[in-house]
Amino acid sequence: MARQESVADAAGSAGQGGLLLVACGALARELVDIQRQFPDGVVEITCLPASWHNHPERIVPGVRRKVDAALRDQRSVAVVYGDCGTGGELDAYLDQVGVPRIPGPHCYEMFLGKPVFDDEMEHTLGTFFLTDYMVRHFERIVMQGMGLRKHPQLRDMYFGHYTRVLYIAQTDDSALRVKAERAAQELGLAYEYRLAGYGAFPGFVEQALAGARNSSIAPT
């Protein structure tokens, strides 16, 4: 009941034009699911290519274009990205324009929460994380994208310092669990599973909506 009330309160706070989320494409499925909890038009999503994780120099210019356009239209906007290899440049830009970003350096910590993530890292060094998105696209991202299909000998070069695969699942999907176990086998690593759900993402969207409302009613 409290969760429903918080969603309703946030929905009522969106203001004209709703809230625009500028997000990483790897998070699109989860954000669309969260978006469905609100009335139409309250939350809108625009995504940049997930492949930009391999080209972090593209992230800040891409986010800047989306955010600047939204601000010119006087829209409320929030960013759903980690630092993602931008070396603090993304946060420096967002601080300059006063746009919030979900806390955390990467989505693994955002899904697990910082205390749990820190415990996992302390418990087992050399953890290779998988999310639902990465499990779905493991063949393209890892096996083909990193050249392991053509050059299997690269596996030990890339993953020799890892000890396990930790699948932090957003959904309780048995087919994805099977794929994740196979991915661990492909990499020659131990396999562990945690059902993390959507972590910090729903709360961040609600907070961003509340912030949009406060901005819209602030005296000028």
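Each reported figure results from applying straightforward, stated rules to the coordinates on display, with no laboratory input. Note that the structure is a prediction, hence the values are computed from the model and not measured. Ideal geometry is used to build each Cβ from the backbone, glycine not excepted, and the neighbour counts take in all protein chains shown.
What the table shows:
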quantity: Percent RCO, i.e. relative contact order, over the stretch 85-220, from Cα pairs under 8 Å lying at least 6 residues apart; calculated: 27
quantity: Which of Leu195, Gly87, Ala210, positive extreme of dipole for the chain (C-beta unit charges); calculated: Gly87
quantity: Rg over Rh [alpha-carbon atoms, Kirkwood Rh] for the stretch 108-195; calculated: 0.96
quantity: Point-charge dipole on Cβ atoms (K/R +1, D/E -1) for the stretch 56-190, about Cα centre, debye to 20; calculated: 660
quantity: Those aspartates and glutamates that a straight Cα-Cα span of less than 12 Å connects to Lys179, excepting residues fewer than 8 apart in one chain; calculated: Asp132, Glu139
quantity: log10 of Debye I(q)/I(0), alpha-carbon scatterers only, for the chain at 0.12, 0.14, 0.15, 0.16 Å⁻¹; calculated: -0.70, -0.92, -1.03, -1.14
quantity: Distance between the stretch 48-77 and the stretch 166-209 - C-alpha centres, whole angstrom; calculated: 26
